[in-house]
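Peer 1: Have a look at this one.
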Amino acid sequence: FYVYIGMVTSAMAETGAVAGISAAAGTAADRAYATLRAAIIDGELAPGAPLAEVEQSTRLGMSRTPVREAFARLTDDGLATELGPRTLVVSTIDADDVTALFDLRRALDEQAARLAARRATPEQRERLRTLAERFGNVTSASLADDDAGRHGYYALVTEFDATIDQALGRSPHLAAAISRVRTHIARVRRLAHDDDARLVASAAEHGAIAAAIADGDAERAAHATHLHLHNALTSIHAHLRRSTP
């Protein structure tokens, strides 16, 4: 896939993704987009897989118009790539793409951690302390009780992300840019085949970030975020090297 830094800026005004089509078609387009997006992120649609209107409209049980709209949104997200006038494929991914993504993520997430530490309300700080405790309870044994996709663990991460987003209430553009990057992070995570040992370590790192923000320590929060991103990038590169023929 490609990390379109310029496109991240355009996401700040991304409020009318299905403008110009009827309400009924918009609903179908939203369903098509959500289904195809999830299939790409989960790896069901692999990098390089063709995206054909006829095939996908049949699979989704809808007309080609909403599927075409979904394809446009996936392309805008950087999840699909046009190889020609009528050739669309799932965007590929390589080590350089991952590095570029994390360069952007580091700038965004470290600043978000600083601002959240300064701006979080008492209620948000208490929620982050609770999240830090819950991350501390993540073990190999607890992950074994989760489903194969580790959706329980990722739900905890999503709750953590949402709390930080709420603390960034006065920085909607930053929150919008981070949201877009998370789409690609989720996809990279799946393609890198997360292992439980890394998830346990990642939970501890998330807990450190949550605790620092809860304590109002902006630089400690930024440093903890930097360490987490460094470790995550190192782990993903290692997985990609092992999976490359």
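Peer 1: So residue 77 ticks every box in (1) touching a His at 6+ places or on another chain (Cβ under 9 Å); (2) surrounded by fewer than 21 Cβ atoms within 10 Å (Cβ to Cβ) but one. Which box is left unticked?
Peer 2: Just one mismatch for residue 77, condition (2).
Peer 1: Of all residues being β-branched (Val, Ile, Thr) and either open to solvent by less than 40 Å² (accessible area, probe 1.4 Å) or part of a strand (DSSP E or B) (or both) in the stretch 82-92, which is farthest from residue 237 (Cα to Cα)? Just the residue, please.
Peer 2: The qualifying residue farthest from residue 237 (Cα to Cα) is 87.
Peer 1: Tell me, yes or no, whether the stretch 228-239 has at least one residue that is open to solvent by less than 10 Å² (accessible area, probe 1.4 Å), within 25 Å of residue 146 (Cβ to Cβ) and touching a helix residue (DSSP H, G or I) at 6+ places or on another chain (Cβ under 8 Å).
Peer 2: Residues of the stretch 228-239 that are open to solvent by less than 10 Å² (accessible area, probe 1.4 Å), as a first pass: 229.
Still in the list and also within 25 Å of residue 146 (Cβ to Cβ): 229.
From what's left, touching a helix residue (DSSP H, G or I) at 6+ places or on another chain (Cβ under 8 Å): 229.
There is at least one residue in the stretch 228-239 that is open to solvent by less than 10 Å² (accessible area, probe 1.4 Å), within 25 Å of residue 146 (Cβ to Cβ) and touching a helix residue (DSSP H, G or I) at 6+ places or on another chain (Cβ under 8 Å).
Conditions tested, residue by residue: (1) under 14 Å from residue 229 (Cα atoms); (2) not small (Gly, Ala, Ser).
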site	(1), (2)
149	no, no
153	no, yes
159	no, yes
169	no, no
173	no, yes
176	no, no
183	no, yes
195	no, yes
206	yes, yes
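Peer 1: Now for a different question. Take the residues of the stretch 143-173 that are in contact with a helix residue (DSSP H, G or I) (Cβ under 7 Å, 6 or more places away or on another chain) and of a type in the set (S, T, N, Q): which is least open to solvent (accessible area, probe 1.4 Å)?
Peer 2: The extreme case among them is 163.
Peer 1: Let me ask another. Here are 225, 163, 183: which of them is part of a helix (DSSP H, G or I), of a type outside the set (A, V, I, L, M) and without any contact (Cβ under 8 Å) to a residue 60 or more places away in the chain?
Peer 2: 163
Peer 1: Give the residues of the stretch 131-159 that are of a type in the set (A, V, I, L, M, F, W, C) and over 22 Å from residue 214 (Cβ atoms), sorted by residue number.
Peer 2: Answer for the stretch 131-159, where residues must be of a type in the set (A, V, I, L, M, F, W, C) and over 22 Å from residue 214 (Cβ atoms): 141, 143, 144, 148.
The values are calculated or read from the model by the stated rules, or taken from the named source; none is laboratory data. Predicted, not measured: the structure shown is a model, and the values here were computed from it. So basically every Cβ, Gly included, is an ideal-geometry build from the backbone, and we count neighbours across all protein chains shown. Only protein heavy atoms, including side chains, enter the accessible area calculation; ligands, DNA and RNA are left aside. Shrake-Rupley method; radii C 1.70, N 1.55, O 1.52, S 1.80 Å.
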